[in-house]
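Trainee: Take a look at the following structure, please.
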Amino acid sequence: MNLQGIVAVSGKPGLWKALAQNKNGYVLESLDAQKTKLVANLSTAKLAALSEITIFGVDDDIKLTDVFEQMKSAASIPDAKADGKKLREFFFEVAPDHDEEKVYASDMKKVISWFQLLKDLPLFNEPDPTVAPAEAAAPAVEAPVAVEEVVAEAAPAAAPKAKAKKAPAKKA
């Protein structure tokens, strides 16, 4: 999934897409139906990229993108306003290694509401551009070329450059 440019802004509900950057901050557009525009000042607002967010795990932190991938294949997703027990059961299904003591019901509600916003967007099903496909990981092997041959062909014989003349010293 391609979550590049999707951010959460502290103090603002929902998710935002970064449209442009200016000297003071970012121009953002909400992903909800209103398409509200916002200029987030970097000195006052805290932005968190969804591709960088993790959830507390028992051993290691769990990437939010991995949780979203599990949520895609889940049979049913509870409503974000469901009670804490239902949300906890669902989270054990999609992120079994999450830390119960550090992941609160409000965090689970936020993740589910984010998933509801993102699931219908085309970028949610696009491949992540930062991850190279397996075929591109193995470079094609080419025949070795002698470096001396290439250098000799590219550099024509040139006359030596004349030295620059120094400016005469001024008398005081």
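Trainee: Do you know which of the residues in the range 47-65 that are assigned to a loop (DSSP other than H, G, I, E, B) and out of contact with any Ser or Thr (no Cβ under 6 Å at 6 or more places or on another chain) is farthest from Gly11 (Cα to Cα)?
Mentor: Per the stated criteria, the residue is Asp59.
Trainee: Out of everything in the range 19-57 that is within 14 Å of the chain's Cα centre (by Cα) and in contact (Cβ under 8 Å) with a residue 24 or more places away in the chain, what residue ends up being surrounded by the fewest Cβ atoms within 10 Å (Cβ to Cβ)?
Mentor: Only one residue fits best here, namely Ala48.
Trainee: Answer with yes or no whether Lys46 is basic (Lys, Arg) and out of contact with any Asp or Glu (no Cβ under 6 Å at 6 or more places or on another chain).
Mentor: yes
Trainee: While we're here: Output the residues belonging to the range 4-18 that are open to solvent by 50 Å² or more (accessible area, probe 1.4 Å) and closer than 15 Å to Ser113 by Cβ.
Mentor: Lys12, Pro13
Okay, residues lined up against (1) open to solvent by 90 Å² or more (accessible area, probe 1.4 Å); (2) within 24 Å of Glu29 (Cα to Cα); (3) hydroxyl-bearing (Ser, Thr, Tyr):
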{"site": "Asp59", "(1), (2), (3)": "yes, no, no"}
{"site": "Glu89", "(1), (2), (3)": "yes, no, no"}
{"site": "Gln116", "(1), (2), (3)": "no, yes, no"}
{"site": "Pro122", "(1), (2), (3)": "yes, yes, no"}
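Trainee: Looking only at residues in the range 1-40 that are in contact with a helix residue (DSSP H, G or I) (Cβ under 8 Å, 6 or more places away or on another chain) and β-branched (Val, Ile, Thr), which one is farthest from Pro122 (Cα to Cα)?
Mentor: Val7
The values are calculated or read from the model by the stated rules, or taken from the named source; none is laboratory data. Quantities reported herein were computed from a predicted structural model and do not represent experimental measurements. Glycine gets a Cβ as well: all are built from the backbone with ideal geometry, and neighbour counts include every protein chain shown. Each accessible area value is taken on the protein alone, full model and side chains, heavy atoms only, with ligands, DNA and RNA left out. Shrake-Rupley method; radii C 1.70, N 1.55, O 1.52, S 1.80 Å.
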